[in-house]
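Working notes for the structure below.
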Amino acid sequence: MKHANRSGFTGKQSFFVFIASMLLPLFSLAATSSSGDSNIEQVERGEYLARAGNCMGCHTTRGGKPYAGGRGFKTPFGEFFSPNITPDNETGIGHWSEEDFWQALHFGKARDGSYLYPVFPYTEYTKVTREDANAMFAYLKSLTPVAQTNPPHKIASPYDNQFLLFLWRTWYFKEGVFEPDHSKGEDWNRGNYLVQGLGHCNACHTPRNVWGASQDDKLAGGEIMGTYWYAPSLISSREAGVGKWSTEEIVQLLSTGINSHAVTSGPMATIVRQSLQYLSADDLRAMAVYLQSLGEKHSDEGAPGKTQPMPERVRRYLALGEPVYEKHCQGCHGKSGEGVPGVYPPLAGNRAVTMTSPLNTIRSVLYGGFPPVTAGNPRPYGMPPFQHIIRDNEVAWVVSYIRNAWGNLGSLVSPEEVDSSRGNEF
Ligand code: HEC
Ligand code: HEC
Ligand code: HEC
């Protein structure tokens, strides 16, 4: 009996395999010339997916070359800088293979095998399929290389330790591509894939523990590390759960940054401007269907109503805010906080104003803001910053006032809380 060699083929078979492998490059050469189109298609798909993941947003500094990196991220663990992911051989990913890219996106591992920090949301991107990852890689490789060396991370000791990062991963990182739930529809599954994966909504909308790890209650809302913004819960109808909105209303908010109930500001306006507005109608719809189903699960009908009569002390505090509102805010937001549809958001009945965390409301008043510029809302009206116009105690009064006027119900805000909400603008 003849012994099969290591490849499992007998001598004669090996010969044919050898001949075939010599011929193969010729066939594949012929194949590439006719697969030029499919390569273009892959690159285009990759560009679209990279938009959905907002890779450019993080990998570009203000006014810098797209994808050349260098944007800084302040966290309690130090300041991180995004790397150059253009195909430059020296300073970018020019020498990377598809597999290297997969190791980074799916496993959070650098090309040299070291662990990457989860400021890069590979904890979410791990759900992305290999096919989609390859498309994004093909797109990145098609970019013009940019030679740009970025600053090294400034990581506080002891977090600069790979072993700690290894432990962190063991506890908090679960690698794995998204698996569809066949009991649900196609839209729901596509939406789930985008929201939990490429869209990395969890990177902001999930509570984090002291180790910067997102908790199990996905999308339940949390303060974004290092930004002084609160990303509200997407599963509670008291915050940003959209179970009660129509699919069209959700699509409108995600693609234009504004609808009749809400307006996006700060980091969310950035996500709409840089990423969500470019998604196809089908993908936006799919996300809306999935988000709606989350809102349903946690509808909290039993929200507290205004039952207790207000103590005199509280009434006096709120009365301080009324003249500030009349002088500085009423012109846009209306006498009864009704706003102007599509132009100035209502403050009456607006859960962004009344939700437990007053952080975003304080920041809107201190720094003002603009909804995102999008094709659907090309010239948004903005709000001026008030930090140099009114003092911290007046900000506290007016914020407390709008959280409790016109049937609203929210906690009072102190001048100390206003001061501690200052920080770098996003
Ligand atoms: C929230 C900001 C953020 C987003 C969004 C983001 N990245 Fe990154 N990315 C980073 C940071 C910061 C690092 C550096 C991590 C480290 O060095 O530990 C990084 C690292 C990487 C690396 C490793 C590069 C190297 O030289 O080791 C790759 C590849 C990468 N990102 C690709 C992507 C792609 C593709 C997307 C979109 C799907 C994306 N990133 C979205 C912030 C981001
Ligand atoms: C970079 C951080 C960040 C990311 C990523 C992010 N969000 Fe947000 N989001 C926020 C913040 C902060 C707010 C609160 C400010 C506001 O209301 O616009 C918010 C608000 C929202 C709101 C409520 C808007 C309103 O005013 O009622 C919805 C809905 C929402 N996000 C959905 C999403 C979805 C879906 C994704 C993923 C595709 C996502 N967000 C990704 C930070 C983020
Ligand atoms: C010139 C018109 C204008 C004035 C004056 C103004 N606002 Fe606004 N306000 C806006 C616009 C436009 C937005 C949406 C901004 C954004 O998306 O970032 C907004 C947003 C807000 C929000 C966030 C609402 C949400 O749904 O997220 C709050 C809270 C707010 N304003 C309170 C105030 C208070 C309090 C004052 C007075 C101190 C004031 N505004 C004065 C135009 C105005």
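Dividing the mean sequence gap of close Cα pairs (under 8 Å, 6+ apart) by how many residues region 34-92 holds gives a relative contact order of 21 percent.
Calculated FRET efficiency, M56 to S411, Cβ-Cβ distance, R0 = 41 Å: about 0.60 to the nearest 0.05.
Relative contact order of region 39-172: 30 percent, from C-alpha pairs under 8 Å at least 6 residues apart in sequence. Between amide H atoms placed 1.01 Å from N, distances below 5 Å from G334 occur with G339, all of them 5 or more places distant or on a separate chain. Neighbours of P415 by Cβ distance under 13 Å: Lys/Arg scored +1, Asp/Glu scored -1, total -3. Packing, taken as the mean count of other beta carbons within 10 Å per residue, orders the peptides 376-386, 236-246, 170-180, 71-81 from highest to lowest as 236-246, 71-81, 376-386, 170-180. Extension gain, E175 to D112: 0.36 nm times the residue separation minus the Cα-Cα distance gives 20.8 nm.
Cross-link pairs exceeding 27 Å between alpha carbons, from the set K65/K141; K244/K327; K74/K218; K74/K109; K141/K218; K184/K218: K244/K327; K141/K218.
Whose amide H sits under 5 Å from the amide H of N377, counting only residues 5 or more places off or on another chain, with H placed in the peptide plane? When sequence neighbours closer than 5 places are left aside, there are no close amide H contacts.
Centroid-to-centroid, using Cα positions, region 42-87 and region 330-362 are 33 Å apart.
Each other residue within a Cβ distance under 14 Å of D132 adds +1 if Lys or Arg and -1 if Asp or Glu, for a net charge of -2.
Computed on the Cα atoms alone, the convex hull of region 39-172 gives a volume of 109 cubic angstrom per residue. Per-peptide packing, taken as the mean over residues of other Cβ atoms within 10 Å, places 397-406, 130-139, 106-115 in the sequence 397-406, 130-139, 106-115 from highest down.
For the Cα trace of region 186-297, dividing Rg by the Kirkwood Rh returns an Rg/Rh value of 0.94. As a fraction of the 1.4 Å probe accessible area of region 308-426, surface on carbon and sulfur atoms comes out at 57 percent.
Note on region 114-202: the alpha carbon radius of gyration divided by the globular reference 2.2 N^0.38 Å gives 1.36.
Solvent-free Debye calculation, one equal scatterer per alpha-carbon of the chain: log10 I(q)/I(0) at 0.06, 0.07, 0.10, 0.12 Å⁻¹ equals -0.32, -0.42, -0.79, -1.07. Summary value for the chain: 13 percent relative contact order, contacts being C-alpha pairs under 8 angstrom separated by 6+ residues. Entry note, the chain: the mean residue ellipticity at 222 nm calculated from DSSP H runs of n ≥ 4, each adding -39500 (n - 2.57), is -12500 deg cm²/dmol after division by the residues and rounding to the nearest 500.
For I389 and S420, the FRET efficiency from 1/(1 + (r/R0)^6), where r spans their Cβ atoms and R0 equals 22 Å, is about 0.65. If you build a Gaussian network model of the chain, linking Cα atoms that sit under 10 Å apart, which residue out of T354, T91, T123 swings the most? Greatest mean-square fluctuation among the candidates belongs to T91.
For the chain, what are the DSSP H helices with axial Cα length of 20 Å or more and mean Kyte-Doolittle hydropathy of at least 1.0? The answer, listed by residue number, is 11-34.
Note on region 174-222: Cα-only Rg and Dmax are 12.1, 37 Å.
The values are calculated or read from the model by the stated rules, or taken from the named source; none is laboratory data. In this text, all values refer to a predicted model and were calculated from it rather than measured experimentally. Note: ideal-geometry Cβ built from the backbone for every residue, glycine included; neighbour counts use all protein chains shown. When the accessible area is computed, the model is the full protein with side chains, heavy atoms only, and any ligands, DNA or RNA have been set aside. Shrake-Rupley method; radii C 1.70, N 1.55, O 1.52, S 1.80 Å.
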